[in-house]
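Read the figures in this text as sums done on the coordinates, not as results from a lab. Keep in mind that this is a model prediction, so the values were computed, not measured. As a convention, Cβ positions derive from the backbone with ideal geometry for all residues, glycine included, and neighbour counts pool all protein chains shown.
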2 protein chains.
Amino acid sequence: MPQQLTRETLIAKDLADPLRRFRDQFVIPEGLIYLDGNSLGMLPRACVERVQQVVEHEWGETLISSWNDHGWIELPLRAGAKIAPLIGAQADEVVVCDSTSINLFKVLASALTMRPGRRVIVTNKENFPTDVYIAEGLARLLGNGCELRFATPDTIDAALADDVAAVSFSHVDYKSARIEDMAGITARVQRAGALAIWDLSHSAGAIPVDLNVAQADFAVGCGYKYLNGGPGAPAFIFAARRHHDAMRQPLSGWLGHATPFAFGSHYEPASGIARMITGTPPVVSMSLLETAVAIITEAGIERLREKSKAMTSLLIDLVEQQCAGSGLDLASPRDAERRGSHVIFAHPEGYAIVQALKARGVVGDFRAPHFVRLGIAPIYLSYAELWDAVARLKTVMDAREWNQSRFRVRAAVT
Amino acid sequence: MPQQLTRETLIAKDLADPLRRFRDQFVIPEGLIYLDGNSLGMLPRACVERVQQVVEHEWGETLISSWNDHGWIELPLRAGAKIAPLIGAQADEVVVCDSTSINLFKVLASALTMRPGRRVIVTNKENFPTDVYIAEGLARLLGNGCELRFATPDTIDAALADDVAAVSFSHVDYKSARIEDMAGITARVQRAGALAIWDLSHSAGAIPVDLNVAQADFAVGCGYKYLNGGPGAPAFIFAARRHHDAMRQPLSGWLGHATPFAFGSHYEPASGIARMITGTPPVVSMSLLETAVAIITEAGIERLREKSKAMTSLLIDLVEQQCAGSGLDLASPRDAERRGSHVIFAHPEGYAIVQALKARGVVGDFRAPHFVRLGIAPIYLSYAELWDAVARLKTVMDAREWNQSRFRVRAAVT
């Protein structure tokens, strides 16, 4: 732990922060300390302008001609190409479309088709639930022996048999923030003849990802977390170029067709990553994502990672120092190199603590069954804010504010 | 044909139009005559305000709390409930989510599950292509004898055998605008033990649809045509309430789970139509659709239909009068009762005619192989505009402007 950690030393750290100017590129509500950028990133100011442009000018004035004149038709590939360098992919290996759940379905179904005779999808019970649910939905639909097998990155070897078509893991665990060894696991999966699929929802925009160095087969990820694409922003798919010709996904909609405007009566997949597209993209939401991604690129993913590690380490130090004895137990890796960009603490009163903290202007989130999750989006957070956040957390814990009944009522979204 | 059709009589008709005031609720670019509201509806002024509110206030200031505080979590069901009365459904039978293509996949897969042992999907080669492609994708994925059988609404009886699980037709044909007999076909399909699925993309918002009177099983439809939800607006799904317990769709993402925020490791479908939801909705795009639908509701779908019939009939009369001998052949039904809200004319130079017309400020669209499609969105079009549009069409045809080489170059989106 650094010696003599004070609010003043942190203010000095902010003044010296090479990313400091990026904070001004976001809308930061007065008095709010937002530690939930891993659920919904803050609003980039550029998106305010962009949405006006796309709605009032492109839709309002240019109307249908915008598909050509403003490049809407290229938007899924163009936005994908912008995400690509953040995740270690080539520009033609990424496309933006649909939701993470739907994209995982496409990728899992492709993988099963590419491994005929193999009927098992290995996934992690601790994966973000939708990853498991989607694999369940596919297996149930296919029947005929198609099934899930549960394993963790630590127990993967035991799960790898010659019936495994694909292994679907998260790169950064949505609860613990543990970073998995993408290259190592991918190699083990591939040695067993299966395909390695990575969910980058808690990585993209926060951590440099090296999909091609790791030789990953497929990946999916979310646009509304660290990429700041806005609520429910479309998601992305990565497919390694070597799979482009062989992959076939069943959500074969017209915009993934080789010649969509020929209106032929038989589906012919587009070449390349474009065959992962299904229907018409939600242009307004997707344009916001495209704009937001450019800011992350400008800040530089390596610099963001450095600041993120410093911040999550600081947050742990501050909580353990200021809230010692409060029962908050670190449940994220202590080693910054193995930790993503959020920190969780276990506490039996986790739910009510998150609510009490929110009433004091610090937004984190609760993750069942008993985790307080504090997300660090280094592009807009300051070190001094972390000091203030922990000071408020200390007040909540010291006064046992989580005991107040108003903090114990469960909201629809927790 | 009405006697003495003049621009003046049409201006008088506009002045007497009970829907006249709705035109002012849309952004109408100066000098443009927009006959393509069946591809992308115009921008409602209310959407300009709404998008600012959802981006700057809800996302920018309220951030993650908007899921509860601004009802984002209810948005798919709330928007669905608003579409329901336009299509003859109950409020709890419609949900907004994903794209039409993806929603059709969910519905087709549900139908196959509900008719075990039956492996055939009947569809129409003349359906909008994505409807066929999606059925192909599902059949290919399932294998095991699952296949497509082609029929038209006119030849459906011959296609109905005891191996048919579902029949998927469009209510209004995207080319000819022919309206199918939903109740009659549904009854025949159901007598054969299959489920009737309707694509309402060219009906919703233009024609009163009576799904429940017809006893339809499922339907899907598009948000960006006559509903004016904006480019790539999310689509909708209708499922008759009697099927809610039995239906299971394979894109079983977390927001269709019975208790999404319990983060359980096993999928349990939500009750009711909510199980058709998959992932996180694109809130910005979906909010625009919700706002736009309210305007259609206010105008009244019956009044819109009356105006639409008068306008498509007028358009046919004007073209046949003004452009007689030009080779433009009506390829839509002549009977307004059997015609949706657009009109197509066949002409060997269809593509170039559409481009030449556009250069004269009249936007229609081309549909392969040789159709000029002119869409009538009665909520914002005036009768006088149709006069002017046909006057410009006459200029194009008389001068054979379609012969100019600049109109013969194919754009990415046609």
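Structure values in brief
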{"quantity": "Bridge type composition, the range A:71-298 - antiparallel percent by DSSP, nearest 5", "calculated": "40 percent"}
{"quantity": "Percentage relative contact order, the range A:71-298, counting C-alpha pairs under 8 Å, at least six apart", "calculated": "25 percent"}
{"quantity": "All-pairs Cα distance distribution in the protein assembly as shown, expressed in whole percent, bin size 10 Å", "calculated": "3, 14, 23, 24, 18, 11, 5, 2, 0, 0"}
{"quantity": "Above-threshold pairs, the threshold being 29 Å between Cα atoms, out of A:K106/B:K225; A:K82/B:K125; A:K225/A:K309; A:K175/A:K358; A:K82/A:K358", "calculated": "A:K82/B:K125; A:K82/A:K358"}
{"quantity": "Three-way shape label, the range B:314-397, alpha-carbon gyration tensor, a/c 1.5", "calculated": "rounded"}
{"quantity": "Diffusion coefficient, µm² s⁻¹, Stokes-Einstein with Kirkwood Rh over alpha-carbon pairs of the range A:134-251 at 25 °C and 0.890 mPa s", "calculated": "161 µm²/s"}
{"quantity": "Bins of 10 Å from zero: percent of alpha-carbon pairs in the range A:276-345", "calculated": "17, 31, 23, 20, 8, 1"}
{"quantity": "Amide H within-cut-off set for A:V220, under 5 Å, with H built and near neighbours excluded", "calculated": "A:W198, A:D199, A:L200, A:F238"}
{"quantity": "Table column - 3J(HN,Hα) (Hz), the range B:27-32, Karplus curve with 6.51, -1.76, 1.60, x for Gly and Pro", "calculated": "7, 10, x, 3, x, 8"}
{"quantity": "For chain A: Kirkwood Rh in Å [reciprocal of mean 1/r, alpha carbons]", "calculated": "22.3 Å"}
{"quantity": "When the convex hull of its Cα atoms is projected in every direction, mean area for the range B:1-52 (nm²)", "calculated": "5.3 nm²"}
{"quantity": "Computed label-point distance, nm, for sites B:R242 and A:A246 using a 7 Å Cα→Cβ extension", "calculated": "4.7 nm"}
{"quantity": "Neighbouring partner chain Cβ atoms per residue of A:89-98, average, 10 Å criterion", "calculated": "1"}
{"quantity": "Helix B:301-322 axis, angle to chain B major axis (alpha carbon atoms, nearest 10°)", "calculated": "40 degrees"}
{"quantity": "Exam field: B:E49 pseudo-label spacings to other copies (7 Å along Cα-Cβ), nanometres", "calculated": "2.7"}
{"quantity": "Degrees separating the helix A:129-142 axis from the principal Cα axis of chain A, which is the longest one", "calculated": "20 degrees"}
{"quantity": "Electrostatic dipole magnitude of the protein assembly as shown [Cβ: Lys, Arg +1; Asp, Glu -1; Cα centre; debye, to 20]", "calculated": "560 debye"}
{"quantity": "DSSP bridge orientation in the range A:162-257 - percent antiparallel, rounded to nearest 5", "calculated": "40 percent"}
{"quantity": "Charge context of A:A165, other residues only, Cβ under 9 angstrom, K/R +1, D/E -1", "calculated": "+2"}
{"quantity": "Segment B:A359-B:A324, length gained on full extension (0.36 nm per residue, minus Cα span)", "calculated": "10.4 nm"}
{"quantity": "Relative contact order (percent, whole number), the range A:299-414, Cα cutoff 8 Å, 6+ residue spacing", "calculated": "30 percent"}
{"quantity": "At 7 Å out from Cα toward Cβ: A:P208 inter-copy label distances (nm, ascending)", "calculated": "6.5"}
{"quantity": "Surrounding net charge for A:A196, when Lys and Arg each add one and Asp and Glu each subtract one, Cβ distance under 11 Å", "calculated": "0"}
{"quantity": "Per-residue HN-Hα couplings for the range A:91-106 [Karplus 6.51, -1.76, 1.60; θ = phi - 60°; Hz; x = Gly/Pro]", "calculated": "4, 8, 10, 10, 9, 9, 5, 6, 9, 4, 4, 5, 5, 5, 4, 4"}
{"quantity": "A:C97 long-range amide H proximity, modeled H, under 5 Å", "calculated": "A:A235, A:F236, A:I237"}
{"quantity": "Convex hull volume per residue in cubic angstrom - Cα atoms of the range A:236-327", "calculated": "195 Å³"}
{"quantity": "Per-pair calculated FRET efficiency, R0 = 51 Å: A:R149 and B:E302 via Cβ, rounded to 0.05", "calculated": "0.35"}
{"quantity": "Shape box of the range B:56-132 [Cα atoms, principal axes, largest first, Å]", "calculated": "51, 25, 25"}
{"quantity": "DSSP beta bridges in the protein assembly as shown [antiparallel fraction, %, rounded to 5]", "calculated": "55 percent"}
{"quantity": "P(r) tail fraction, the range A:306-345 - alpha-carbon pairs more than 16 Å apart, %", "calculated": "26 percent"}
{"quantity": "Square roots of 5 times each gyration tensor eigenvalue, C-alpha, the range A:106-177, largest first, Å", "calculated": "20, 14, 10"}
{"quantity": "Phi to ³J(HN,Hα) by Karplus 6.51 cos²θ - 1.76 cosθ + 1.60 over the range B:261-277, Hz, x for Gly, Pro", "calculated": "8, 7, 6, x, 9, 9, 7, 10, x, 4, 7, x, 5, 4, 6, 7, 6"}
{"quantity": "On Cα atoms only, tilt of B:383-398 relative to the major axis of chain B in degrees", "calculated": "70 degrees"}
{"quantity": "Cα coordinate range in the range B:71-298, projected on the principal axes (Å, largest first)", "calculated": "48, 43, 27"}
{"quantity": "For chain B, built as a Gaussian network whose Cα springs stay under 10 Å, the top-fluctuating residue of B:G350, B:G193, B:G143", "calculated": "B:G143"}
{"quantity": "Residues in the range B:313-345 that a label on B:T9 would reach, taking backbone N under 18 Å of a point 7 Å out along Cα→Cβ", "calculated": "B:313-324"}
{"quantity": "A:A187-B:S265 FRET efficiency (beta carbon distance; Förster radius 22 Å; 0.05 resolution)", "calculated": "0.25"}
{"quantity": "Gaussian network model of chain A, Cα within-10 Å springs - most flexible of A:S66, A:S341, A:S332", "calculated": "A:S66"}
{"quantity": "Under 14 Å, Cβ to Cβ, from B:A292 - net charge with Lys/Arg +1 and Asp/Glu -1", "calculated": "+2"}
